[in-house]
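Enquirer: Once you've had a glance at the structure underneath, I'll fire off some questions.
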Amino acid sequence: MLPHKKIESALQTAVRAVLPDLSRQSETMADADISKVLVRPCPDPKFGDYQSNALMALAKTSKLNPRQLATDVVAKLDVSAVCEKVEIAGAGFLNFRLKNSALAQTLNSAAAGEHLFFDKAAQPKTVVIDFSSPNVAKPMHVGHIRSTGIGDALQRTLRLLGHRVISDNHIGDWGTQFGKLLLGWKQILNRTDLERDAIAELERLYKIINAECDANSARLAEAKSELVKLQAGDAENTAIWKEMIALSQKQFDAIYGRLGVKFDFALGESFYNPWLGEVVTDLLTRGIARESEGAAGVFSDGSLPPKEDPFLVNRDGEWIPDPALVRKSDGGFNYMTTDLATIDYRLKTWAPDEINYVVDDRQAGHFKKLFLTFARWQPDAAKKVKLVHVGFGKIMGEDGKPFKTRSGDTVKLGDLLDEAEERAYTIVSEKSPELPEAQRREIARVIGLGAVKYADLLPNRQSDYIFSWDKMLALQGNTAPYLVYAYARIKSIFRKLETANSEQRTSNSPLAAAEELALAKHLLNFGITLEAVAEELRPNYLCNYLFELAGKFTSFYENCPVLKAEDAATKNSRLALCDLTARVLKQGLETLGIETVEQM
Ligand code: ARG
């Protein structure tokens, strides 16, 4: 068990001993409270290596004096195997300083391949992640990197920690747009263009027919009747629709292949069609939805203050209904209806503990309505699952406006990835002209794709960020090229070392230098960081952790000779630190969906 886990479990035991009531109140409630007793890296190493602020929250709920609670808990706390004396600070923080012996032992077991500073979750969760979810017949654009990259980093993190993950690409393969697409396909399709670039051709059809429909109601009626035929299962329209999906899927798959993103399922919206009628009938019979002007919708139940109620909007100072529509006046169903059927299906099929939706923040209102509606529809099932909208902000151009091409179009994801690789190639060729062309291409692929992904994962996901090629491709700063380079540089140390083969490295010499200690302690925080990413669904924690790791490695390497270390024991222990740093960097980047190269 890693030291922070030992501290955590000793702390939880001590809390139970001091607050026996907590465990008596109700079994589940106590478990929830106790499981919040966590330790985190101490923000300031002056005060310690780990810190827990959990007692203050516990004191508050149990109406106790936090300092007193801290004193009582510390009296029952035995962490002497791994820590120096525990300090109580401020309003009731506990600060822990790791013993050097515990540090050395953890490094040794890692060097022996027993772990890489993280443990598998003691209680694995089943987690559905709904991400990427592009729409058929539309090209994937730059915005899709957000949902795809964040979702993939989260599925990788959760899997690494031993959770059961079900990733599902909720593809938009159903909706009114197909009426227009079908009309276009039948009347103005260009087969040659379709073969060359299917999505571009489908997009062209849609744009033309859409404009015609806007201008001419007869045209709109024609498109509607194509849609009605499709919905009624007409053979010809169904065959065309299926072909459109297959053609789109081929292009999506090409992008996922490049990005190295895999899904367990891609159950598109249409998959849920058979259940939509039942869902609406059930909502109506239970009085959760009601009819209004021919449509059916879910309205506010008045349980929330208007400001927090997603079923209300404020118009000129007045709160008016903003229902979640589940059936249109023409009998068609809505995005909401499909999403309700989807939750129902997922719960019945996988019984997940959590469903995470990695979707643009502009859909925040939709998800609020969805989660509340589901809780009203199936209150018991809703209590067993945590539904989370993992929202994110927009990508802006350097002019501060939403990121577009020079001509003002949305940036296609495929083009963006091409450009990333091309730009990286120029940089790699300048830096390492001696490497053979094929190798430079491969490095450029890793660096270019990595740069785009990393730049997207680094900011707090809810904030908008500015897309800047120069910044994301820089070899200095908090970027993928910097981290991949840091990794390759460590690998070059081992190339220089003649005996760089499988010889086992142990760190039996005591860590002496401050930089060595700082690096070693930071390595130990890898697991805590992964857990925080999984808990709060924020991959940026891992980005910052890796950036700090590379920085700490640099100070170590500048101050502590490795290959020219004073004696063999020191050399070995420093080589072990190098090797472990490289392994954590590689594993960390991989968890973010970023590849590495051995040489740059
Ligand atoms: N296809 C949708 C869009 O492009 C995103 C779907 C997100 N997932 C969901 N279950 N609603 O806006």
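The values are calculated or read from the model by the stated rules, or taken from the named source; none is laboratory data. All of these numbers come straight from a predicted model, not from anything done at the bench. Here the Cβ positions follow ideal geometry from the backbone for every residue, glycine too, while neighbour counts run over all protein chains shown. Please note that ligands, DNA and RNA were not included when accessible areas were found on the heavy atoms of the full protein model with its side chains. Shrake-Rupley method; radii C 1.70, N 1.55, O 1.52, S 1.80 Å.
Enquirer: Divide by every residue of the chain the summed helix terms, -39500 (n - 2.57) for each DSSP H run of at least 4, and state the resulting mean residue ellipticity at 222 nm, rounded to the nearest 500 deg cm²/dmol.
Expert: So the calculated ellipticity at 222 nm is -18000 deg cm²/dmol.
Enquirer: Rounded to the nearest 5, what is the percent of antiparallel bridges among the DSSP beta bridges in the chain?
Expert: 55
Enquirer: Let me know the Rg and Dmax you get for the stretch 198-334 when you use only its Cα atoms, in Å.
Expert: 19.6, 51
Enquirer: Once fully extended, how much extra length lies between residue 512 and residue 536, figured as 0.36 nm per residue of separation less the alpha-carbon to alpha-carbon distance?
Expert: Length gained between residue 512 and residue 536: 5.1 nm.
Enquirer: Sort the stretch 1-130 into rounded, prolate or oblate with this rule: let a ≥ b ≥ c be the square roots of the eigenvalues of the Cα gyration tensor; rounded if a/c is under 1.5, and if a/c is not under 1.5, prolate when a/b is larger than b/c, oblate otherwise.
Expert: In terms of gyration-tensor shape, oblate.
Enquirer: Shifting gears a bit: In the stretch 5-162, what percent of the accessible surface is made up of carbon and sulfur (1.4 Å probe, ligands and nucleic acids excluded)?
Expert: Whole-percent figure for carbon plus sulfur exposure: 54.
Enquirer: Sequence gap of 8 or more, or different chains, plus Cα separation below 26 Å: how many lysine pairs satisfy both in the stretch 353-404?
Expert: Taking the Cα cut-off of 26 Å, the pair count is 10.
Enquirer: Within the stretch 52-188, what percent of beta bridges assigned by DSSP are antiparallel, to the nearest 5?
Expert: 45
Enquirer: Can you work out ³J(HN,Hα) from phi for every residue in the stretch 224-232, in order, using Karplus 6.51 cos²θ - 1.76 cosθ + 1.60 and θ = phi - 60°, giving whole Hz and x for Gly and Pro?
Expert: Those phi angles translate into 4, 5, 5, 5, 4, 4, 4, 5, 7 Hz.
Enquirer: Once you order the gyration tensor axes a ≥ b ≥ c over the Cα atoms, which shape class does the chain get: rounded for a/c under 1.5, otherwise prolate or oblate by comparing a/b with b/c?
Expert: oblate
Enquirer: Pull out the extension gain between residue 569 and residue 67, defined as 0.36 nm times the separation in residues minus the alpha carbon to alpha carbon distance; nm, one decimal.
Expert: 176.2 nm
Enquirer: Whenever you get a sec, line up 346, 489, 164 from highest to lowest accessible area (probe 1.4 Å, protein heavy atoms).
Expert: Ranked list, largest accessible area first: 164, 489, 346.
Enquirer: Which FRET efficiency, nearest 0.05, do residue 315 and residue 362 yield, Cβ-Cβ r, R0 30 Å?
Expert: 0.90
Enquirer: Measure off 7 Å from each Cα along the Cα-to-Cβ vector at residue 243 and residue 264, then give the distance between these two points in nanometres to one decimal.
Expert: Going by the 7 Å Cα→Cβ label model, 3.5 nm.
Enquirer: Please give the charge dipole size of the chain, origin at the Cα centre, charges +1 on K and R Cβ atoms and -1 on D and E Cβ atoms. Round to the nearest 20 debye.
Expert: I would put it at about 1080 debye.
Enquirer: Provide the per residue accessible area, probe 1.4 Å, for the chain, rounded to a whole number of square angstrom.
Expert: Ligands and nucleic acids excluded, the result is 46 Å² per residue.
Enquirer: Let me ask something else about it. Can you tell me which lysines have their Cα less than 27 Å from the Cα of residue 224? Leave out same-chain residues fewer than eight positions away.
Expert: By straight Cα distance, residue 224 reaches 138, 180, 186, 207, 242, 328.
Enquirer: Right, next: How many angstrom lie between the C-alpha centres of the stretch 246-273 and the stretch 315-355?
Expert: Each part reduced to its Cα centre gives a spacing of 23 Å.
Enquirer: Could you work out what % of the accessible surface of the stretch 185-229 is carbon and sulfur, using a 1.4 angstrom probe and leaving DNA, RNA and ligands out of the count?
Expert: Ligands and nucleic acids excluded, carbon and sulfur reach 51 percent.
Enquirer: Considering the options 289, 333, 382, tell which one lies farthest towards the positive end of the dipole of the stretch 287-391, charges being +1 on Lys and Arg and -1 on Asp and Glu at the Cβ, about the Cα centre.
Expert: Of the candidates, 382 comes out farthest on the positive side.
Enquirer: Estimate the FRET efficiency between residue 84 and residue 273 by the formula 1/(1 + (r/R0)^6), using the beta-carbon distance for r and 51 Å for R0, to the nearest 0.05.
Expert: So the FRET efficiency works out to roughly 0.20.
Enquirer: Rounded to the nearest Å, what's the spacing between the alpha carbon centres of the stretch 382-421 and the stretch 518-559? Just the number, please.
Expert: A separation of 26 Å, based on Cα centres.
Enquirer: May I ask you to compute the full-extension gain from residue 228 to residue 120, defined as 0.36 nm times their residue separation minus their alpha-carbon distance, rounded to one decimal in nm?
Expert: Going from the current span to full extension adds 33.8 nm.
Enquirer: Could you tell me whether the stretch 381-477 comes out rounded, prolate or oblate from its Cα gyration tensor? Rule is a ≥ b ≥ c as square roots of the eigenvalues, rounded for a/c under 1.5, then prolate if a/b exceeds b/c, otherwise oblate.
Expert: Prolate, since a/c reaches 1.5 and a/b exceeds b/c.
Enquirer: Take residue 208 and residue 351, extend 7 Å from each Cα along the Cα→Cβ direction, and tell me the distance between the two endpoints in nm.
Expert: 5.4
Enquirer: Next up: Once both labels are modelled 7 Å past Cα along the beta-carbon direction, what's the residue 235-residue 460 spacing in nm?
Expert: Taking the simple label geometry, residue 235 and residue 460 are separated by 5.9 nm.
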